[in-house]
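Read the structure below first, then the notes.
The values are calculated or read from the model by the stated rules, or taken from the named source; none is laboratory data. Just so it is clear, the model here is predicted, and its values are computed rather than measured. Cβ atoms come from the backbone with ideal geometry, glycine included; neighbour counts cover every protein chain shown. When the accessible area is computed, the model is the full protein with side chains, heavy atoms only, and any ligands, DNA or RNA have been set aside. Shrake-Rupley method; radii C 1.70, N 1.55, O 1.52, S 1.80 Å.
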Amino acid sequence: TGGKIGDSLNQLAVRKAPSMPKPQWHAPWKLFRVISGHMGWVRCCAVEPGNEWFATGAADRVIKIWDLASGKLKLSLTGHVSVVRGLAVSPRQPYLFSCGEDRQVKCWDLEYNKVIRHYHGHLSAVYDLSIRPTLDILFSCGRDSTTRVWDMRTKTNIHTLTGHTNTVTSVLSQATDPQVITGSNDTTVKLWDLAAGRCMATLTNHKKSVRGLCLHPKLYMFASAGPDNIKQWKCPEGKFIQNLSGHNAIVNCLAMNADNVLVSGADNGTMYFWDWKTGYNFQKFQAPVQPGSLDSEAGIFQMRFDLSGSRLITCEADKTIKIYKEDDSATEETNPINWRPEILKRRRY
């Protein structure tokens, strides 16, 4: 009987051979609509929590609000005196927050379409905004190497999160720890303890400046992007999971939807679509620039999925906003997965 038990154990052992997970199939994306109207580079966008409209900010100093379904302009808000670099729409109040290279962080009341609050304190251009999902707290980061934490109502600067040694390009916030995640041109990503106002962890794996961050909508994870790699991390401690390499350009921004599609957009106008779990790059795309623009004006500054995850909004250097959607006609037969995993992917850096 000893032999039999040994045999069955052997069979069990053989069955547990490590298998590389197969990528989930995703439909390819295609250009659905091009919206023009801004007079300068479109730098940022934000989708409203009801998914009816989205806002864009541009180098022409105007914030424009567009109908998501039709792509028609609903409203233009003027008031910034320099490039608008970041936008965020509050999920609880009818407020839109904007920040720009004029060092200003503004709160717009969308019932009156007027600025009702300014948050003073940044010493240089403000590059990104984020709203804490459950508390009325606003985060803004910028070229003064800090991230500032604002009380929305009283306009108090609760914390100034210092520690980065160069421009902080992007800030994320979530309800669970780490409540604030920042990426910076000093090549690091920092996770912050909001209650204490200090840094919990510094992730130094990137070799070049980190320009884009995005949270996974379902899993407790986030991704960071720079010219060298896109990296996936696990919260709360910031454990490195894997590299998504192959987007050989200066990656400016990331977007993520609930179907595990991660998109990276670059300075040269290329977009790469990735399967989150396996890091399989299932589509590469470059939209043509709008007529009358130079080819060198291809560039993506920010991108967002709408709340359904079925539309992708990109803000581009040819002064347009492009909206993408999944190709309904594609199937696994027409677009098969061509996946050759490299075992080398397991390399740390």
Give the relative contact order (percent, whole number) for segment 238-292; include only Cα pairs under 8 Å separated by 6+ residues. 24
Residue-ordered couplings for segment 296-308, obtained by feeding phi - 60° into the Karplus form 6.51 cos²θ - 1.76 cosθ + 1.60 and rounding to whole Hz (Gly and Pro as x), are 6, 8, 6, x, 10, 9, 8, 9, 9, 7, 6, 6, 7
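Classify segment 187-294: rounded, prolate or oblate, from the alpha-carbon gyration tensor (a ≥ b ≥ c, eigenvalue square roots; a/c under 1.5 rounded; otherwise prolate if a/b is larger than b/c)?
Prolate is the answer for segment 187-294, as a/c is 1.5 or above and a/b outweighs b/c.
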Around Ser224, with a cut-off of 14 angstrom between Cβ atoms, what is the net charge of the other residues, counting Lys and Arg +1 and Asp and Glu -1? +4
In terms of the Cα gyration tensor, with a ≥ b ≥ c the square roots of its eigenvalues, is segment 27-69 rounded because a/c is under 1.5, prolate because a/b exceeds b/c, or oblate? oblate
Treating only Lys and Arg (+1) and Asp and Glu (-1) as charged, each at its beta carbon, one finds that the chain has a dipole about its Cα centre, in Debye to the nearest 20, of 760
Helix 2-15 sits off the longest principal axis of the Cα atoms of the chain, rounded to the nearest 10 on a 0 to 90 degree scale, by 30
Hey, what do the phi angles of segment 125-137 turn into as Karplus ³J(HN,Hα) couplings, whole Hz, using 6.51/-1.76/1.60 and θ = phi - 60°, x for Gly and Pro? 4, 9, 9, 7, 10, 8, 10, 5, x, 10, 10, 7, 10
Using all C-alpha to C-alpha distances in the chain, build P(r) with 20 Å bins and read off the rounded percent in each one. 30, 56, 11, 3, 0
Greater than 32 Å apart at Cα, pairs in Lys208/Lys284; Lys155/Lys325; Lys155/Lys322; Lys114/Lys239; Lys74/Lys231: Lys155/Lys325; Lys155/Lys322; Lys114/Lys239; Lys74/Lys231
Spin-label point model (7 Å from Cα, Cβ direction): what's the Ser124 to Ser82 distance in nm? 1.0
Rounded to whole Hz, the Karplus (6.51, -1.76, 1.60) HN-Hα couplings of segment 214-227, x for glycine and proline: 8, 8, 7, x, 10, 6, 8, 9, 8, 10, 10, 9, x, x
Could you tell me which residue out of His80, Ala255, Leu215 lies farthest along the dipole of the chain toward its positive end? Charges go on the beta carbon: Lys and Arg +1, Asp and Glu -1, centred on the Cα centre. Leu215
Heavy-atom accessible area per residue - the chain, 1.4 Å, Å²: 46
Share of accessible surface on carbon and sulfur in segment 107-228, whole %, 1.4 Å probe and ligands ignored, is 48
